Structures are given as structure tokens and as C-alpha cells.
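Taking it in order: structure first as C-alpha cells, then the write-up.
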Amino acid sequence: MPGRYNVLFLCTGNSARSIMAEAIMNQKGKPTFTAYSAGSRATGRIRPEAIQQLQIARLPTEDLRSKNWDEFAKPGAPQLDFAFTVCDNAAKEVCPVWPGQPMTAHWGVPDPAAVEGTPEQIERAFRDAFMMLDRRISLLLSLPLATLDKLAIQREIDRIGKTSEAKSA
């Protein structure tokens, strides 16, 4: 594996979970990781509750934007090392062919935008999604990627998705 890694987080709308994952990885993973996010049917806007969680965590939000995943399948797109789906809908869709043939895993996170209820319940759903993504990204960052072969890394990124699902259930 190279010493620098490009990561793409995928969701359907690219308005909350994948955006938060991009911001977390770009902060925690620098300078080794560069993160991007996209959606199969991007909404073109970021949920204010997702921005609020990022601001609470003191993560930059200025350069974040909701974008379609086709952007990352075009010539000149970053060569990807990892692609993670963070919603069940995106995991079931046929993804474009990504430059670099990245390792992929499904890190399903419940959709906080689907939560209905009081403002406190909605805020808690976004906070829980943020915390789950933060935990998974921290686990990925703790892996000794330079010393593992591709198969071992694939096993680990699959395990990270399953382990934190069990903990959150």
C-alpha cells in the first residue's frame, strides 16, 4: 500500500453521513489521508444538523459540498484507495468504476435525516451518526496499513464495519 491514501465515503444524498465522514477523515487522517464524499443521487445541499455536529467538533466545513458520485469516476478524478458506503441504499446500488480499483467496505450508519421527533431527538440522531463514523475512522487510522497486504486490509475494513455495528445495536 502507498504512504498516502484517498478515501471516498458514499451515501445516497451526500447530505449528512458521508459529508461528516469526509470532514472527520480529513482532520484526523491528515497528512496521510485525503477524504472525499459523494452520493448516488446527491441532494446538492448539506443538512444543517450535520454542519452543526462538525462545528461542535471544531472541524472545518467551508469546503464541503454535496456532489454526485459520477465526479469520481471521470478522467482526472483522484485515484482512490478506499471507498466506503455509509448507507444501506448506496451499498445496494451499482457503483461506477472507480479509478485505482479501491478496496471497498460497507460501514452502514443509521440515517439521522430520517429521524422524526423533537429537535433533541433529531440532534441525538446526528450526534450518534457522527460518533459512529468517528469511531470507525479512528479504527481505520489505527491500522498499520504500511505493513499489511491488501487482503489483510480488506479483512480489517470489513471487520471495522461489523464491529461497530454490533456495538451500536
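What follows draws every value from the coordinates through simple rules; no lab data is involved. Since the model is a prediction, treat every value here as computed from it, not as a measurement. Note that we place each Cβ from the backbone using ideal geometry, even for glycine, and neighbour counts take in every protein chain shown.
Separation of region 128-153 from region 1-37 is 12 Å, based on Cα centroids. The Cα atoms of the chain define a convex hull whose projected area, averaged across directions, is 9.4 nm². Note on A57 and E120: with the Förster distance fixed at 22 Å, the Cβ-Cβ geometry gives a FRET efficiency of about 0.75. Computed over region 48-131, the Cα gyration tensor eigenvalues convert (square root of 5λ each) into semi-axes of 28, 16, 11 Å, ordered from largest to smallest.
For region 1-69, the relative contact order is 39 percent, taking Cα pairs closer than 8 Å that sit 6 or more residues apart in sequence and dividing their mean separation by the residue count.
Bridging of K30 to aspartates and glutamates at a Cα separation below 18 Å is possible for E22, E62, D63, D81, D134, once same-chain residues fewer than 8 apart are set aside.
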